[in-house]
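The values are calculated or read from the model by the stated rules, or taken from the named source; none is laboratory data. Computed from a predicted model, the values in this text were never measured in an experiment. A quick note on method: Cβ atoms are made from the backbone with ideal geometry, for glycine too, and the neighbour counts reach across all protein chains shown.
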Amino acid sequence: MRIVAGSRKGHTIYAPKGLDTRPTGDRVREAAFNLIGPVEGTSVLDLFAGSGAMGLEALSRGAERAVFVESDRVACRAIERNLEKLRLTGARVVCHDVLRFLATERGRYDLVLVDPPYELVESLQMRLSRYLHDVLAEDGLLVFESSARDEPDLPLAKRTSRTYGSARLTLFERE
């Protein structure tokens with residue numbers, strides 16, 4: 001996997017081995033950021049961060065700060081390793097359960113990236129819905145990655161939903 005664009009374009013990133021982490025592929029990341037648009041100076045929240053590929057991409061493209069939330073310790077170490085390797089600043093890695101993090105988080109983010117394990121999307125939607133509105137900035141954007149056959153439904157305005165191979169990207173904004 002590589003960073004697609006920005007100051008770290010072309011640099012490889014590390015992803016934990018095994019089936020527990022499913023990194024967002026280069027093609028899907030590129031498509032996501034084409035839909036998102038410019039991210040310079042934004043604050044990013046990367047939930048179910050895995051390898052951190054999406055948040056790392058945002059930092060490479062000029063995001064001011066990023067918070068990576070991931071419960072798997074091996075994945076958290078991978079994110080820290082990638083941040084160090086790429087010499088990206090303005091990042092914080094939170095190795096904690098996403099729902100517990102959201103229950104106590106008081107910050108607002110311009111870009112919220114949500115990429116839960118595909119098999120948990122349906123069961124997580126309701127529980128995530130309680131918190132997502134509160135962490136999304138007034139003009140913020142939320143990008144939800146799911147299986148191509150699942151279309152997430154959140155209490156936010158749906159901007160668009162597109163499929164890329166086996167993945168679906170659904171963009172939401174505040175109403």
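Remarks
- Any pair with Cβ under 9 angstrom, 6 or more apart, that starts in the stretch 156-171 at a residue that is within 13 Å of Asp115 (Cα to Cα) and free of Cβ contacts under 8 Å to residues at least 40 places away in the same chain and ends at one that is crowded, with 16+ Cβ neighbours inside 10 Å and of a type in the set (A, V, I, L, M): Thr170/Leu142; Thr170/Val143; Thr170/Leu154
- Qualifying position, being free of Cβ contacts under 8 Å to residues at least 60 places away in the same chain, surrounded by 17 or more Cβ atoms within 10 Å (Cβ to Cβ) and closer than 22 Å to Leu128 by Cβ, among Gly55, Gly50, Gly6: Gly55
- The stretch 9-21, subset assigned to a loop (DSSP other than H, G, I, E, B) and surrounded by fewer than 13 Cβ atoms within 10 Å (Cβ to Cβ), residue modelled with the highest pLDDT: Lys9
- Selection status of Thr24, touching a strand residue (DSSP E or B) at 6+ places or on another chain (Cβ under 7 Å), of a type in the set (Ser, Thr, Tyr) and free of Cβ contacts under 8 Å to residues at least 60 places away in the same chain: no
- Subset of the stretch 99-109 [touching a residue at least 24 places away in the same chain (Cβ under 8 Å) and surrounded by fewer than 21 Cβ atoms within 10 Å (Cβ to Cβ)]: Leu99, Phe101, Leu102, Ala103, Glu105, Gly107, Arg108
- Scanning the stretch 133-157 for residues that are part of a strand (DSSP E or B), surrounded by fewer than 19 Cβ atoms within 10 Å (Cβ to Cβ) and not small (Gly, Ala, Ser) yields Glu138, Asp139.
- Per the conditions (1) of a type outside the set (A, V, I, L, M); (2) farther than 23 Å from Ser147 by Cβ; (3) part of a strand (DSSP E or B), the sole criterion not satisfied by Phe68 is (2).
- The stretch 106-127: number of residues that are farther than 15 Å from Ala53 by Cα, in contact with a strand residue (DSSP E or B) (Cβ under 8 Å, 6 or more places away or on another chain) and not in a helix (DSSP H, G or I): 4
- Odd one out for Ala31, checked against (1) closer than 20 Å to Glu173 by Cβ; (2) in contact with a Gly (Cβ under 9 Å, 6 or more places away or on another chain): (2)
- Enumeration of residues in the stretch 75-121 that are of a type in the set (Asp, Glu), in contact with a Ser or Thr (Cβ under 9 Å, 6 or more places away or on another chain) and more than 22 Å from Pro38 (Cβ to Cβ): Asp97, Glu119
- Lone unmet requirement of (1) part of a helix (DSSP H, G or I); (2) free of Cβ contacts under 8 Å to residues at least 60 places away in the same chain for Arg81: (2)
- Under the condition of being crowded, with 24+ Cβ neighbours inside 10 Å and within 20 Å of Arg27 (Cβ to Cβ), the residues counted in the stretch 58-76 number 2.
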